[in-house]
């Protein structure tokens, strides 16, 4: 097991899947391999799709689904829709070498592999509205295309666990509106997900280049010298070679190729006729050979019927599996079924839809020594009169004598059947496993106020039993009628008594009918659909909605009955098969065959007053599930066997049981005997009884010998006592009077035949007795003297005993012994009137049935503990000392409901199935039928688990100071696996643990970096540990941003003369929810601005003064206090407007032209130093060039006006500073400047 199971990408790693041994719960579908031994075996691929043909409702049953894989001639590809796959009950392992779920054929407007189901809106009202919806609902193209959970389990159990490729196109997971799909259950498995057909082909080619398939080529069935035929139907009777009970059947198989050394073959026989091969029907597993055989002898009694078998090749090292199934007819007890048909009539006369009108003169309802249906038809009203109230007490024997009850046939069958008083008894009948068939319009809703909303008792009591899912109302108004059905499965139902199987796409004719009203729950494992309705807008393959005939265990549903008579031969054959399948697949009451006392010619059972009553009988059950039965005997109301009142003795099915009862009854009296036999099954056990009388007769013989054997059941090597009980009496002597006799004498001769399973112990023979071969013979004499005064002769009964040694296992009857006697009476007279009397007689010794078993079981031992996963199935068998091949009456004891145990029908094993996580115990017991001693095995633990998968945990990306929670998840229903252990294995300084529980770990980011946390399970699976996972926690510093990142602040005097120093709030943003401490700083000695009201996320910057001529920007930094490398800067530009301008007069020489004038701005920190000039006077002396330069024209005096820069554009609403105006004079002189570079102040020109 791995800690985290992910969907695999296909080409990269189609890793080897671990082979897990598991028994199969299988379904019957026949596979015949036709590949020549010299031909390379093609892998068989099952290709599945959601829709048969894009943008089309496929209604033609003959239309083949095109493959999308394009695998070429090297493969055999079988295509199927999801509807067909979900409804199929065939084994996958061994039939298919790979399964591929291909790309969806849904259009853009349709959901791929849609999980939608057809649902009827019960609020609909009005004929037209309802009809429009339900008529269109027959097109189910886009419905029921998700996989069922049942099929997911089968894929996991049969294919994935055994390394068989399962490929899933990514379309299977596609959803619209977040639909929950069961395909998601395959995500944590080893199934391969692919995107393109090329990827799928690569996976398959790679796999089959490594593993070449091997197949079961042929299986031949032989019994003795006979080769059994697979023909079973009544039309082939003359060609059938059937099997007989009690004789070994050999299954001789050949494989296409030599198997691997560890390959095995397994044999299963469907003994309970439920069309499944279950683990308790496993016969044997042997090493595989290319040609070999495997054998089984069916000893238990059963009804004559086909028996289906499956021979499986398992070659795990070669990753190849194959099986072949077949059938043979087992001739045994004729299948005589007592069938009760209940019509819908509410009168005392059953007239509607009588089967006797279809099967005139019982035509087809009986066939020679194979089967016979004894049909009785009554109305529903008559059933009420027989069953309801206290009437069931007087009619119980009649009601429970029925093997099958059929309710039908009529359109809207239950519309007038409002009295549901028969339901409780019918439910009890069903719960005993007896057969019940519902038919057309039995599960539906009647109209109320124009709507179909109200449920009824038929729906509430029986809908779930018949595996319904949702109300669809498709059948309302009998729309979309059909007269054709298509076979959807193959098995007993379709092959006996009539062979219904036909070529693919061939339909069968039935009388007009229509859909029913509920969809079927394909998650029900016992459900098998056999025929679907076709045509008239019905999507092909949709068994959930378009079923015609299906079975659920012992229950059968037929869509027949819209028309009350069935004259189509196809439908008649279907119906006979339906009745037989319903009968043979149900539980049958045990029967009691009384062996002794034997009825005489007058049909009386008798016993002499002088002998013990020997009672012998067989308890017989024709169901393989009932290998052992419980029985007891009551005489005159008192339990006499077994001795403990209320207890039952366990006996083997169809094996004689007997005992001697010392009745002490007088001649002329009657013994009332009641023998009861009941099934041992936990649910639905049926009890049968046989009651008869035994007349006690007076013996008229002078001597009588009865034979007894004790014990009647013994073990090989043990001794038993064979006793001859000799009873002597004086017979009536008519004349002269008996009192005239002085002596009576008897000579009694015994001759007995000892069965071959016993040997006489010579030393125990009485004197004079002898053994000759298997015969024992001897004589006994006695006499009685009449003493003086005695009026009678008293003779004691005598017993002669011989010891026998049991030498051979088997059932033996002592039934050939006989005796004779001579009685002499000596008269008192010695003269001529002497009247001596002699009487001769003879008789047969009473027959006695005995059983010799194998040696006493000394020990049972189980090997454990056993670990199971949920739904995993495993065989368990005790080691028995001494070893025995005989099936024993073992009693398994299970400690709790976490596991289900099913004893094998075949041998001394049992099947365990895990149901839910937990612990149970199992032991097995055996009670010796000889000594009554009970032997218990050791008790072992059964641990059922749901191994954790999808063990994952979320990684974290945190900012320093932030909290985050690691919350692992794991897929398991076992809550113990939701307890986790957390350990910080690296980066301990990066995070701080805030809080930890067994389910979560809360951490806080402390410093930037990466930490790793190891997460492991506190409670590990016992079988294989789950590897811990490492979770990364990445911690980073928050990102910082500032707004505005640059701005301009002004310092100026406004028009009112007030000094303005602008301020602006800077806003800091930190990513993440946690705000770390921030420090706001300015460069050292910064005078231009000040910082006011600093907080974690903002600060106010206020302008103080301009930078003067330096004209620099002031950086305002926001820095994380603890992580100073993480900072952000806002650039502040301060603009100070001059409050005044000094414009001195200047004196220039002509050589100074042009001259750049430099006024003095006040204050000195003002940095808005733009200005402009104009010549106010003396334009002929100077002119202004580029606002700031003077060009000298000639010597003279000029007045120049200067103005500060106009910055009104930076302000709104005339809010800025006022322009400062000043004037100065310029005197221009001729010549050269005597003091170059230093202008002369011209002084005051006024």
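Summary of values
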{"quantity": "Extended-chain gain in nm, criterion 0.36 nm per residue less alpha-carbon gap, residue 470 and residue 1233", "calculated": "263.1 nm"}
{"quantity": "Likely footprinting exposure, 842, 937, 302, fewest C-beta neighbours within 10 Å first", "calculated": "842, 937, 302"}
{"quantity": "Per residue convex hull volume, Cα atoms of segment 216-331, in Å³", "calculated": "105"}
{"quantity": "Relative contact order, percent, the chain [alpha-carbon distance under 8 Å, six or more residues apart]", "calculated": "7"}
{"quantity": "Segment 653-699 - Debye-derived log10 I(q)/I(0), Cα point model, q = 0.24 Å⁻¹", "calculated": "-0.99"}
{"quantity": "Likely footprinting exposure, 1014, 319, fewest C-beta neighbours within 10 Å first", "calculated": "1014, 319"}
{"quantity": "With Cα atoms, 0 to 90° folded angle of helix 127-136 axis to the chain main axis", "calculated": "90"}
{"quantity": "Sorted by Cβ density within 10 Å, fewest first, the residues 385, 233, 570", "calculated": "385, 570, 233"}
{"quantity": "Peptides 1177-1190, 539-552 ordered by average Cβ neighbours within 10 Å, highest first", "calculated": "539-552, 1177-1190"}
{"quantity": "Options (1) 106, 37, 29; (2) 57, 39, 29; (3) 64, 33, 30 - which one matches semi-axes √(5λ) of the Cα gyration tensor in Å as calculated here", "calculated": "(1)"}
{"quantity": "Three-way shape call for segment 1040-1136 based on the alpha-carbon gyration tensor, with the a/c threshold at 1.5", "calculated": "prolate"}
{"quantity": "Taking segment 1140-1241 and dividing mean pair separation by its residue count, relative contact order in percent (alpha carbons under 8 Å, at least six apart)", "calculated": "37"}
{"quantity": "Value of [θ]222 nm, deg cm²/dmol, for the chain, DSSP H segments ≥ 4, -39500 (n - 2.57) each, nearest 500", "calculated": "-2000 deg cm²/dmol"}
{"quantity": "Folded to 0 to 90 degrees: helix 569-584 orientation relative to the chain principal axis, Cα", "calculated": "80"}
{"quantity": "Cα pair distances exceeding 14 angstrom across segment 499-542, given as percent", "calculated": "62"}
{"quantity": "Rounded, prolate or oblate (a/c below 1.5 giving rounded, otherwise prolate when a/b exceeds b/c) for segment 82-225 by Cα gyration tensor", "calculated": "oblate"}
{"quantity": "C-alpha long axis of helix 197-210 to longest principal axis of the chain, angle in °", "calculated": "50"}
{"quantity": "DSSP-defined antiparallel bridges as percent of all bridges, the chain, nearest 5", "calculated": "80"}
{"quantity": "Three-way shape label, segment 1140-1241, alpha-carbon gyration tensor, a/c 1.5", "calculated": "prolate"}
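Readers should treat all values here as calculations from the given coordinates under stated rules, not as data from a laboratory. If you're wondering where the values come from, they're calculated on a predicted model, not measured in any experiment. Don't worry about glycine lacking a Cβ; one is built from the backbone with ideal geometry, like all the others, and counts go over all protein chains shown.
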